[in-house]
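> My structure is below; once you've seen it, I'll send some questions.
The values are calculated or read from the model by the stated rules, or taken from the named source; none is laboratory data. Since the model is a prediction, treat every value here as computed from it, not as a measurement. Cβ: placed from backbone, ideal geometry, glycine included. Neighbour counts: every protein chain shown. Areas reflect the complete protein model, heavy atoms only, side chains present, ligands, DNA and RNA absent. Shrake-Rupley method; radii C 1.70, N 1.55, O 1.52, S 1.80 Å.
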Amino acid sequence: MEIRIQKAIMNLQRNNMAGYFVETKEELLQLMASLIKNGERVGWGDSVTLEETGVFEFIRSGPFIVNDKHQPDLTREEKRKIYLENFDVDTFLTGTNAITLDGKLFNIDGNGSRVAPMLYGPRQVIVVAGINKLTDTVENAIQRARQIAAPLDAARLNKDTPCTKLGKCIDCRHPQRICNDFVLIAGQFVKNRIKVILVNQEYGF
Ligand code: SF4
């Protein structure tokens, strides 16, 4: 295992979060199957990584009760209900914008529905990330999230924000701005409530 990956996993553990490393998405799904018990209620936040690794489909087709925010034609109120229910799921799944080598997670969110259950509620939170999400420092993590992840995410969401044309963040005040919450998770009270799985490929952005 590469030294940077070892360092990140060791420091996640020092910060009371579990760290795992797998080579492929097939190994990732095997590991997920061992971490999530049959019959558990599972929810998730938006994540290109979870889409690309097949995690959403794996959970939907498995023996789980799924709190699926991606069901078609959900009304605004139905989505709000799912977001609130995510605080009480057994397992919440998410990607992350960055993992620092000193074992911290940094994320930007628009309405907080992804980062809020990371902070409190679900019995366990499983974070899946490609090795492209590793950054040396918190400063690098913020830079990565603001200048790489957020503009690409705004484009994915078809936002009319300046970054989708410029390809970089100008800290806009646009009404469609997606960067409202900047959240650094530096540790946990409950040991291993957050489990971070690093996959030895590039996923998401
Ligand atoms: S603050 Fe505005 S310009 Fe910057 S990434 Fe977010 S939406 Fe784009």
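> Give me the Kirkwood hydrodynamic radius of the stretch 146-205 in Å, from all C-alpha pairs, to one decimal place?
The answer is 13.7 Å.
> Keeping every protein chain in place, order ARG76, ARG41 by accessible area at 1.4 Å, biggest value first, i.e. largest first.
ARG76, ARG41
> For THR75, THR164, what's the largest-to-smallest order of accessible area, 1.4 Å probe?
The residues order as THR75, THR164, largest area first.
> Continuing with this model, one more query. Which of rounded, prolate or oblate describes the stretch 97-174 when judged by the alpha-carbon gyration tensor and an a/c cut-off of 1.5?
oblate
> Now, a different point. Set the Förster radius R0 to 30 Å, insert the Cβ-Cβ distance between ARG14 and ASN132 as r into 1/(1 + (r/R0)^6), and round the FRET efficiency to 0.05.
Using R0 = 30 Å, I get an efficiency of 0.85.
> Order PHE182, PHE92, most accessible first, counting only protein heavy atoms with a 1.4 angstrom probe.
Of PHE182, PHE92, the descending order of accessible area is PHE182, PHE92.
> Per the 1.4 Å probe, what fraction of the accessible area of the stretch 32-158, in percent, lies on carbon and sulfur atoms?
The C+S portion of the solvent-accessible surface of the stretch 32-158 is 50 percent.
> Still on this structure, I have one more. Could you calculate the contour length gain from GLN30 to GLN147, that is, 0.36 nm times the residue separation minus the distance between their Cα atoms, to one decimal place in nm?
Gain in length upon complete extension: 38.8 nm.
> Going by average Cβ neighbours within 10 Å, how do the peptides 106-116, 121-131 rank, with the highest at the top?
121-131, 106-116
> Over the Cα atoms of the chain, how large are the radius of gyration and the largest Cα-Cα distance (Dmax), in Å?
Rg and Dmax of the chain, Cα atoms, are 16.3, 46 Å.
> Per residue, how much accessible surface does the chain expose to a 1.4 Å probe? Answer in Å², no decimals.
Value returned for the chain: 50 Å² of accessible area per residue.
> If I stretch the segment between GLU57 and ARG80 completely, what's the gain in nm (0.36 nm per residue apart, minus their alpha carbon distance), one decimal?
Length difference between fully extended and current span is 6.1 nm.
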